[in-house]
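I have placed the structure first, in the form of structure tokens, so that the comments after it can refer back to it.
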């Protein structure tokens with residue numbers, strides 16, 4: 001009995017598996033279970049009549065085989081009709097004989113229909129679009145009014161350039177916020193991600209293309225914050241010297257003493273060594289004078305220092321100084337230094353005047369300027385003659401000339417005031433460049449800020 005039950009259970013399992021396999025592999029049904037061709041035909045035509053572009057398809061069914069005929073505007077519609085027919089129950093096979101229409105008017109008609117549909121949609125969206133634009137403008141206007149105020153941007157960033165940069169960032173933030181709100185009203189927030197992604201790619205490409213410009217712009221921000229120099233300062237950047245005219249978002253503009261403009265990229269300025277001659281109003285000038293080897297160097301130093309101290313443009317603290325720089329074969333080189341106030345005195349004129357008066361003072365006290373000494377080799381001699389250690393003595397007249405006392409001069413020779421022509425040129429250039437200048441005479445610099 002138990003053996004019989006086991007065999008019966010195995011037979012049932014085998015029958016069920018065979019039935020399931022037949023269903024899964026699309027076995028063709030026969031007998032009373034088959035569906036009539038007319039039912040299949042009616043079912044497929046009813047479905048195709050409900051789909052745009054498939055109303056012109058004709059269906060024929062024989063023994064479960066469906067034949068589709070007709071013309072459609074696009075080949076994709078023919079494939080769609082075949083796929084629908086194959087899904088209807090009772091269909092054994094599908095012969096898709098649908099052709100693509102070649103008439104230009106019939107192919108363009110769906111395009112006209114789509115355009116008309118888009119126009120109708122656009123007209124329907126006009127009120128919503130108007131609301132979105134008003135919302136966008138309102139949000140941007142709030143940001144523009146907030147950025148226009150001096151407070152709190154001038155308090156957060158005392159530097160005018162940084163404050164303006166913050167204002168631009170606020171305007172941009174409110175602009176983007178308004179765009180997001182407008183797209184949300186229109187139900188097109190997904191478009192924002194596409195736009196931002198495209199903008200990121202385009203921005204990356206532009207960044208590589210204008211790398212030098214971006215570098216100069218960043219350098220201008222850092223220079224405007226640190227302020228290593230101020231307007232009208234006389235500075236030296238590597239091998240370029242001149243007065244500072246302006247610092248723009250791209251370059252630093254100098255004017256040399258000859259009135260020529262020098263434009264240096266800010267990236268180069270930021271990475272270069274900068275010498276600011278105007279940062280300290282007190283500046284030291286240096287010059288050298290030579291006297292003959294027979295002269296008294298102590299007396300020469302004393303005479304020149306006394307004369308330099310008597311100059312009204314030389315500062316007493318720190319006072320002038322002098323020393324013997326070098327003793328050569330035919331000269332004794334003396335070095336003299338003195339300090340001036342650059343706000344009251346021209347550096348070059350003061351140095352020139354001190355040199356002129358020092359030379360005249362030495363000559364008035366009997367010191368002669370050094371003359372060259374030569375070694376002479378006589379023709380035919382095997383040995384070199386001993387060096388001539390005597391200097392050439394100038395021929396003087398029978399009547400000895402007495403030192404002439406210094407008279408007070410009032411000509412332009414001893415004028416040491418600052419060059420007014422250069423000052424006027426600098427002021428004129430500063431007036432023209434003030435609008436785009438990033439430097440400020442009031443903002444703290446990197447030394448006292």
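The values are calculated or read from the model by the stated rules, or taken from the named source; none is laboratory data. No experiment lies behind these values; they were computed from the predicted model shown. As a convention, Cβ positions derive from the backbone with ideal geometry for all residues, glycine included, and neighbour counts pool all protein chains shown.
Computed quantities for the displayed model
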read-out: Residue match in region 350-358 (condition: without any contact (Cβ under 8 Å) to a residue 40 or more places away in the chain, closer than 24 Å to residue 277 by Cα and outside any loop (DSSP other than H, G, I, E, B)); value: yes
read-out: Qualifying residue in region 35-54 (condition: outside any loop (DSSP other than H, G, I, E, B), under 22 Å from residue 110 (Cα atoms) and out of contact with any strand residue (DSSP E or B) (no Cβ under 9 Å at 6 or more places or on another chain)); value: yes
read-out: Enumeration of residues in region 276-290 that are crowded, with 16+ Cβ neighbours inside 10 Å and either assigned to a helix (DSSP H, G or I) or free of Cβ contacts under 8 Å to residues at least 60 places away in the same chain (or both); value: 276
read-out: Meets criteria (more than 53 Å from the chain's Cα centre (by Cα), at negative phi and buried (at least 16 other Cβ atoms within 10 Å of the Cβ)) for residue 334; value: no
read-out: Tally of residues being part of a strand (DSSP E or B) and under 21 Å from residue 362 (Cβ atoms) across region 313-342; value: 14
read-out: Every pair of residues 6+ apart whose Cβ atoms lie under 7 Å, when the first sits in region 190-201 and is under 16 Å from residue 177 (Cβ atoms) and outside the structural domain of residue 177 (by TED's automatic domain parsing) while the second is exposed (fewer than 11 other Cβ atoms within 10 Å of the Cβ) and modelled with pLDDT under 75; value: none
